[in-house]
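Single-structure report; data block below.
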Amino acid sequence: MAAYIKWDAEDISTDPLIKAAIAHLWLVTIHPFDDGNGRIARAAADRALARSESSRQRFYSMSSQIRLERKAYYDILELTQKDSLDITAWLDWFLGCLDRAIIGAENGLAVVLNKERFWKTHAGPSLNERQRAILNRLLDGFEGKLTTQKWAKLGKCAHDTALRDIQSLIERGILKQDAGGGRSTSYSLKA
């Protein structure tokens, strides 16, 4: 641990992203505590990443991405720790994971910004709470097709009320009726 602390404090020649990957691997390999070594290693990597960015704000989470890729994480750790001292595969995986964390954050931010633009354009007192709630579900990535029956279920209202809500939104240019019709009539947000 003394060697790790000295390296962490004094090494300024290593690329900061590589240093974050090495710091994580070093701590998880040393395993200095009875419990929490993974959390400490992720925190050390996050600290090194924060230092590398010269910014107080980060919109991605390396820890969350590692949690999403837990199996691959443990597989690469096992491979790296039992073979030679070559950590190239670990570095490749760590940097790829970092890239996926950043892309995931960008996608999440795009959804938030899209939602904000939508509400700036369409907010108004003429929308009822049920309409606002279901529109938010659509903006968050509603799975499947939105039908009057699904609207009634989501809005906990009668079929006729759901149809009136939908027709009102079509008239305001917020929803459109999808191709097809009859019992399978569906609706989506107007682009």
Scanning the range 95-127 residue by residue, those surrounded by 14 or more Cβ atoms within 10 Å (Cβ to Cβ) and not in a helix (DSSP H, G or I) turn out to be LEU127
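Give LEU95, LEU109 a once-over and let me know the one that is modelled with pLDDT of 95 or more and closer than 30 Å to ILE22 by Cα. Explain how you work it out, then say what you get.
Numbers: LEU109 fails: modelled with pLDDT of 95 or more.
So the residue among LEU95, LEU109 that is modelled with pLDDT of 95 or more and closer than 30 Å to ILE22 by Cα is LEU95.
I'm trying to understand the selection: among the residues of the range 18-35, which are surrounded by fewer than 17 Cβ atoms within 10 Å (Cβ to Cβ) and either at pLDDT 90 or above or closer than 26 Å to GLU53 by Cα (or both)? Spell out the reasoning first.
Step one: filter the range 18-35 for residues surrounded by fewer than 17 Cβ atoms within 10 Å (Cβ to Cβ), giving 18, 29-35.
Of everything in the range 18-35, those that are surrounded by fewer than 17 Cβ atoms within 10 Å (Cβ to Cβ) and either at pLDDT 90 or above or closer than 26 Å to GLU53 by Cα (or both) turn out to be ILE18, THR29.
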Residues of the range 62-72 being surrounded by 15 or more Cβ atoms within 10 Å (Cβ to Cβ) and either modelled with pLDDT of 95 or more or not in a helix (DSSP H, G or I) (or both), in sequence order, are GLU69
In the range 134-143, residues that are exposed (fewer than 13 other Cβ atoms within 10 Å of the Cβ) and more than 21 Å from the chain's Cα centre (by Cα) total 0
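Can you find even one residue in the range 138-160 that is in a helix (DSSP H, G or I) and within 30 Å of TYR60 (Cα to Cα)? Even if it seems obvious, please write down each step before you answer.
Initially, the range 138-160 is screened for residues in a helix (DSSP H, G or I), giving 138-139, 148-155, 159-160.
Then drop every residue that is not within 30 Å of TYR60 (Cα to Cα), which leaves 138-139.
Yes: the range 138-160 contains one or more residues that are in a helix (DSSP H, G or I) and within 30 Å of TYR60 (Cα to Cα).
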The number of residues in the range 44-59 that are over 29 Å from PRO32 (Cα atoms) and surrounded by 11 or more Cβ atoms within 10 Å (Cβ to Cβ) is 1
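The values are calculated or read from the model by the stated rules, or taken from the named source; none is laboratory data. Source: prediction; values computed, not measured. Every residue, glycine as well, gets a Cβ built from its backbone with ideal geometry; the counts of neighbours run over all protein chains shown.
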